[in-house]
Amino acid sequence: MLLYRNKLRNDIIMNNQLETLQQHRQALFQAYQDRISINHYLDRRLVSYQANKSRSGYNWFKYREGFSSQLVNYLLKEIHPVPGRLLDPFAGSGSALFAAALQGWETCGIEILPVGAYIIRARVAAEQVSPHKFAGVVQNLLSLDFTDYYDEAYAFQHIPITHGAYIPEAERELIGYLSYCMTNIADEQIQQLLEFAAFCILEEISYTRKDGQFLRWDARSGRSLGKKPFFKEKIWSFREAITMKLSQIASDLMSYRIFGSNWDIGSKYPTVYVGSSLDILPTLDKESFDVILTSPPYCNRYDYTRTYALELVYLGYRHEDVTHLRQSMLSCTVENKDKQQHMRRLYQGLARIADFDQITAVYEAQCGLHEVLEILEQQRESNLLNNPNVVRMIRNYFYEMSFIVFEMSQLLAPNGHIIMINDNVRYGGEEIPVDLILSNMAAAYGLEVEHIWSLPKGKGNSSQQMGLYGRTELRKGVYVWKKNK
Ligand SMILES: C[S@@+](CC[C@H](N)C(=O)[O-])C[C@H]1O[C@@H](n2cnc3c(N)ncnc32)[C@H](O)[C@@H]1O
């Protein structure tokens, strides 16, 4: 009965989706219909970082885009159970890398945002410290008055979007804490972890809250722009927040010791490249990975550089660095300019202009995509879009993803799998079937599209979109592509 109901629901969703799409997207849908299915094992909680248990170490820092280690374990077991070499070209906080490494995989990640690389390094440091020594250092540290150690040399160089983010006393204590750690703690791993603890609480002690496309400011900061004043639940004092974070880390480290960390039975730490996958993927060895498991940025206007502005300033990023970083990331904000010249020069430099031409041709052949772009372009000309640069963003996103999918297909060993987690999106009432367009690119590069799994309940619309266009579900899912030769 349950199976029948699931099938019925599946059919209804598919029919609804089919009716709302125009010619080319309908054709695309029909071409892959038999590969699309709802996977009832996947749910939103599993796909997000919330499902991580405390022992994973990931909830010391809330990397919102991270997926859970349970999801990685499930996907590897289901699709490619024999360990080999695994790559995540959008590694974020390293969920795929650590979960796979614990299963015996040799792992490699690429991440452009220094925030992700910093979290990964802290996680490796955590595996190497002595929990008892760490607890002793923490106890001594918490007896200090951090303002006594304030040193201007360690003060933050704020950028316009973080100016005034902290209560001045909290910022003074934070800087005092950091200068103490940097000058008085000799053990490199412990020092790294202590600094990381401060990194984890920046949002809690600030007037800001991460809100997707920007930082939302509490009305008490005097910087709030919205009509309705916004108040955060609580702004923590530095001492409260750091005491809680250090205690959490110390107690988690102790439980690793009690329950045993798996690293000492031979798992290898992940290798991480810090930079853009667009630049790094073409330089890696062909056919050298058995699985590529990744979740690229979604085509959803999410701005990582604004969301993580406090953390970037903490890491020493200046205004121009942040602006440059935003432009180097995979295009998913309305501010991203196109990277066509950059890509052409890169492939010319690698003497691979034939690949460049093929990648461009595959992008241009995506009729479903160009159908939406044309409709949205008309809407843009009639001033019907919330932001006119959305069209450019979508175009750039798929142009760049064409390079990513091509390079991934080259790096995959025969019988290897690519597993991608991504969301479909909608703009101006038009659904963009990201899963089908990317799968169609993968097929053009010789990969077999094995599954397009959808989460049991897809995403709805924003309330604004719902009012205008009615509610139809957008697929949110996991796609599996295989290299057959
Ligand atoms: C959806 S998140 C991945 C999260 C990751 N799965 C985790 O569990 O933490 C996408 C990541 O891609 C990164 N990214 C964006 N553009 C990139 C690029 N050109 N090269 C490498 N990484 C990039 C973002 O910084 C972000 O961390």
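What to note about this one:
- Between the helical axis of 390-411 and the longest alpha-carbon principal axis of the chain there is an angle of about 90 degrees.
- Each residue of segment 112-124 is assigned a 3J(HN,Hα), and the resulting list reads 8, 7, x, 4, x, 4, 5, 5, 5, 5, 5, 5, 5 Hz, derived from the Karplus form 6.51 cos²θ - 1.76 cosθ + 1.60 (θ = phi - 60°), x at Gly and Pro.
- Counting only alpha carbon atoms, the long axis of helix 23-32 and the longest principal axis of the chain meet at about 80°.
- Distance histogram in 10 Å bins (all Cα pairs of segment 328-400, percent per bin): 19, 43, 30, 8, 1
- Fully extended contour minus Cα-Cα distance, from Glu364 to Leu142, at 0.36 nm per residue: 74.0 nm
- The chain: radius of gyration over Cα atoms, expressed as a fraction of 2.2 N^0.38 Å: 1.01
- Low-density loop positions, trypsin sites (Lys or Arg not before Pro), segment 263-350 - DSSP coil, at most 14 other Cβ in 10 Å: Lys268, Lys286, Arg318, Lys337
- Dipole magnitude of segment 131-196, debye to nearest 20 (Cβ charges: Lys/Arg +1, Asp/Glu -1, about Cα centre): 180
- By average C-beta atoms within 10 angstrom, highest first, the peptides 346-353, 276-283, 406-413, 109-116: 109-116, 406-413, 276-283, 346-353
- Cα-centred dipole magnitude for the chain, charges only on beta-carbon of K, R (+1) and D, E (-1), debye, nearest 20: 1140
- Solvent-accessible surface (1.4 angstrom probe) belonging to Thr333, in square angstrom, nearest 10: 10
- Of all DSSP-defined beta bridges confined to the chain, some 55% are antiparallel rather than parallel.
- Of all accessible heavy-atom area on segment 127-261, the percent that carbon and sulfur account for (1.4 Å): 52
- Excluding ligands, DNA and RNA, the accessible surface per residue across the chain is 43 Å² with a 1.4 Å probe.
- In terms of the mean number of neighbouring beta-carbon atoms within 10 Å, the peptides 355-365, 438-448 order highest first as 438-448, 355-365.
- Charged side chains reduced to their Cβ positions (Lys and Arg at +1, Asp and Glu at -1) give segment 127-261 a dipole of some 740 debye around its Cα centre.
- Listed residues Ser93, Ser267, Ala219: farthest to the positive end of the dipole of the chain (Cβ charges): Ala219
- Acute angle (nearest 10 degrees) that the helix 2-20 long axis makes with the longest principal axis of the chain, alpha-carbon atoms: 70
- Computed as a quarter of the hull surface, the mean projected area of the alpha carbon convex hull for segment 95-246 stands at 11.0 nm².
- Near the amide H of Arg426, within less than 5 Å, lie the amide hydrogens of Ile432, all on another chain or at least 5 residues away, with H placed in the peptide plane.
- Loop-located trypsin sites (Lys or Arg not before Pro) in segment 177-248 whose Cβ has at most 10 other Cβ within 10 Å (DSSP): Lys227, Lys234
- Given charges at Cβ of Lys, Arg, Asp, Glu: segment 127-261 dipole, positive-most of Ser206, Met244, Ser143: Ser206
- Electrostatic tally near Thr307: other residues with Cβ closer than 12 Å to its Cβ, Lys and Arg +1, Asp and Glu -1, net +3.
- Amide hydrogen proximity for Gly109: with H placed 1.01 Å from N in the peptide plane, the residues at 5 or more positions away or on another chain lying under 5 Å are Asp88, Thr271, Val272, Tyr273.
- Look at the dipole of the chain built from charges on Cβ: of Thr294, Ser69, Ala351, the Cα furthest out on the positive end belongs to Ser69.
- Among the lysines of segment 127-261, pairs at least eight places apart or on separate chains and with Cα atoms under 30 Å apart come to 8.
The values are calculated or read from the model by the stated rules, or taken from the named source; none is laboratory data. Predicted, not measured: the structure shown is a model, and the values here were computed from it. Methodologically, a virtual Cβ is constructed for each residue, glycine included, from the backbone with ideal geometry; neighbour enumeration extends over all protein chains shown. Protein only, heavy atoms only, side chains kept; ligands, DNA and RNA dropped before computing areas. Shrake-Rupley method; radii C 1.70, N 1.55, O 1.52, S 1.80 Å.
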